[in-house]
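Single-structure report; data block below.
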Amino acid sequence: MELFRGTAHSPSFFALNRAGVTGGGQELVDFCIPCNPYFPTPAMFAVMAVRLRDILTYYPSPAETITAELADVLGLQPQTMAMGNGSTELITWIDHLLVKESLAVPIPTFGRWTDQPMETGKRVDMFQLPEMSGFALDPNAFVNFVRSRGSRVAVICNPNNPDGGLLPRQALIGIMDALADLDLIVIDESFLEFADAEAYPSVVDEAVLRPNVIVLRSLGKNFGLHGVRFGYLVANPSLAVKIRSRLPKWNLNSFAEVIVFMLKRYRQEYVESLRMLSRDRQQMTTQLAGLPGMTVYPSQGNFVFVKLPAGTDGGWVRDQLLSQHGVLVRECGNKLGSSSQFMRLVVRSQPDVQRLLTGLSTVLYGTSFYAPQVSWEQQPSVPSGYAESSGYPGFASSPAPSLDYSFQQPPQLAAAPAAQEPQPMYAAAPALPGPQGVSGDLYGQASLATFAGAGAAGAAGAATGYVQQQPLAELSPAYVATPPVQPPLYQAPAALPQPQMVQVPQPQIPQREPAQQFQAGQLQPAQAPLMRMAPQPQSAQYQGAQAQTSQIPIVQAQDAQGQGAAAAYLRSRPEETTVDQIPVYGRREAGVPEPSPMDQTQAMTYDPAELKAAAAAPVVPLSETDDDPTGQTPALQRYPRPAAYLQDDSMA
């Protein structure tokens, strides 16, 4: 599959969904990402769901505040710590600030400890862990290797990823004493919370006292929240401040802050989840060892390192498990010091392990015989607070039950098949039905109503159960993304009725003559554009009113039958035209009262024939002396205005 090519890591869950990987119609089960499957508890998820709006809306507190709370939970001092946006961010800063020239690291191991220094031009001295000893690290051999190569920085992952090998605490202290002159020693304890070989295997207390030791811890793996990128380191205060001072002010998100401040209330649930996972690891290791030709290495992490039967290509097995059984595994062919014959399988509960065993047995041997089902009687009860469907055996009962193979007759099979050429991943198939609910929940059908602190979210999920919540569209499997064809909400008619157009008689506008060319400053009334003007052959009062107000008198056509102006436009033009509301201007004599508005206007009736005869006569512009002989009235801007709009008989 192309998503796995050319990368040092497996594709994300979201990338697989976008690519349409459906796992043969089943929801994917993740055996790839090493995460705690029992933490956070359903109650914690319910609390986070209630607070989701605030978490996504508001800024988180500064990193100092969150680090101080985490230090109080762990019993450490804040000045000895630095929190990062995932342990990978801290690895990057360690490389940039503290690794000067070379770094020694056992392989196979976490890829960033080899890739990051090489990306910045450092020399990486790789110490190969021997397969014949189960990839166990020999402290004396590693110290001699560092001395012989002259490395200035040493890195040890404890437990190691991907094999899960664990060095005892005293062996690590011996290595730190032997390499005390190095620039830096890094002990990566990202998976140490899952180890149960010692009561206290960490060397955090030693790192605080030594000037060249850093202990790196991960929170996403322990708390089952890889999506919340947060981790921390512990070192001598003088060394921790070199990293802490370079980190951004708000490099931690609000999800990380909420989780850190919830840890005190759910400390017991976290400890219980580690015990549950330790029990699952023992049972899963026993079951994997029962597959013919499978080599299983002892692990102290939350994963199991296995070697496939001889001649088997792990890449082909990975693709078959994903396409046919919906099981995602980590094939380690791209890890330095490993090969495609090795796989890292994350520890999960029994229902998921049975699906993995069935897939491996079918792909490797062509039968599911080597994956017998564990009966319900063989599984002890589940601890209180966790769903019954998780399949987890309790702690109060006897050790993990052994599986009885005697009730089946073994098939007559030859040796395990050799590696085959990769086959096409998908074949044409009809559309798959959508899921009835979200399966694969680690906590089963637990009702949200029983979650402590769930609040209103509990009542909403009490009827359907925790696992029946429908996923978001972008997170759901690809075969859900194609909804059934829905009929249109509205059916358009075949032909819409056309609106009835009402013909309204339009008045005939008098035609205007085209504008004549004229020169600026030489405009004459007879050459005015758009229309011709006619002088007012009436009294001097009318001429003064026209000059002072620049008002065009209102012309209204009167119909002989009295049917209004609209009807008059449809008939011939009347012979008489009345000019209404002509203001009367003039100087009032002293002591004469001011006339009323009605007295100040007069109605004038004239013959249009007289105006036609006078239209050709030249019009002399009025002057200020004609308008105001005394010169006492303020002068107004004057423009020649037509007394009436003229039209000939053809325009009627």
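The values are calculated or read from the model by the stated rules, or taken from the named source; none is laboratory data. Note that the structure is a prediction, hence the values are computed from the model and not measured. Glycine gets a Cβ as well: all are built from the backbone with ideal geometry, and neighbour counts include every protein chain shown. These accessible areas exclude ligands, DNA and RNA; they are computed on the full protein's heavy atoms, side chains included. Shrake-Rupley method; radii C 1.70, N 1.55, O 1.52, S 1.80 Å.
Going through region 281-298 one residue at a time, which ones are outside any strand (DSSP E or B), polar (S, T, N, Q) and open to solvent by 30 Å² or more (accessible area, probe 1.4 Å)? Passing the criteria: 282, 285, 286. Here residue 278 meets the list (1) surrounded by 22 or more Cβ atoms within 10 Å (Cβ to Cβ); (2) touching an Asp or Glu at 6+ places or on another chain (Cβ under 9 Å); (3) within 30 Å of residue 356 (Cα to Cα) almost entirely, failing just condition (1). Residues in region 299-326 that are under 36 Å from the mean Cα position of the chain (by Cα) and open to solvent by 20 Å² or more (accessible area, probe 1.4 Å): 300, 316, 324, 325.
Listed conditions (1) touching a Phe, Trp or Tyr at 6+ places or on another chain (Cβ under 9 Å); (2) within 17 Å of residue 282 (Cα to Cα); (3) modelled with pLDDT of 50 or more are all met by residue 363, apart from (2). Answer yes if at least one residue in region 186-194 is touching a Gly at 6+ places or on another chain (Cβ under 6 Å), of a type in the set (Val, Ile, Thr) and touching a residue at least 40 places away in the same chain (Cβ under 8 Å), and no otherwise. Checking region 186-194: not a single residue is touching a Gly at 6+ places or on another chain (Cβ under 6 Å), of a type in the set (Val, Ile, Thr) and touching a residue at least 40 places away in the same chain (Cβ under 8 Å). Within region 331-341, identify whether any single residue is of a type in the set (Lys, Arg), part of a loop (DSSP other than H, G, I, E, B), open to solvent by less than 30 Å² (accessible area, probe 1.4 Å) and closer than 19 Å to residue 135 by Cα, and answer yes or no. Yes.
Do we find a residue being small (Gly, Ala, Ser), at pLDDT 95 or above and over 20 Å from residue 87 (Cβ atoms) anywhere in region 156-169? No, the conditions are met nowhere in region 156-169.
Residues that are within 22 Å of residue 338 (Cα to Cα), open to solvent by 10 Å² or more (accessible area, probe 1.4 Å) and not in a loop (DSSP other than H, G, I, E, B) within region 154-187 comprise just one, 157. None of 57, 67 is in contact with a strand residue (DSSP E or B) (Cβ under 8 Å, 6 or more places away or on another chain) and within 28 Å of residue 228 (Cα to Cα) except 67. If you go through region 114-125 and pick out every residue that is out of contact with any helix residue (DSSP H, G or I) (no Cβ under 6 Å at 6 or more places or on another chain), open to solvent by 10 Å² or more (accessible area, probe 1.4 Å) and not in a loop (DSSP other than H, G, I, E, B), you end up with 4. Here residue 360 meets each of (1) in contact with a Pro (Cβ under 9 Å, 6 or more places away or on another chain); (2) more than 23 Å from residue 114 (Cα to Cα); (3) buried (at least 20 other Cβ atoms within 10 Å of the Cβ) with one exception, condition (1).
If you go through region 217-237 and keep only what is open to solvent by less than 10 Å² (accessible area, probe 1.4 Å) and within 20 Å of residue 181 (Cα to Cα), you end up with 234, 235.
Residue-by-condition table, conditions (1) of a type outside the set (A, V, I, L, M); (2) outside any loop (DSSP other than H, G, I, E, B):
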position	(1), (2)
240	no, yes
243	no, yes
248	yes, no
257	yes, yes
261	yes, yes
265	yes, no
275	yes, yes
279	yes, yes
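When region 41-74 is filtered for residues that are among the hydroxyl-bearing types (Ser, Thr, Tyr) and open to solvent by 70 Å² or more (accessible area, probe 1.4 Å), the ones remaining, listed by number, are 57, 58, 59. Taking the criterion of being modelled with pLDDT of 95 or more and outside any strand (DSSP E or B), the residues of region 77-88 that qualify are 77, 78, 79, 80. Looking only at residues in region 93-113 that are surrounded by fewer than 17 Cβ atoms within 10 Å (Cβ to Cβ) and assigned to a helix (DSSP H, G or I), the one that is nearest to the chain's Cα centre (by Cα) is 96.
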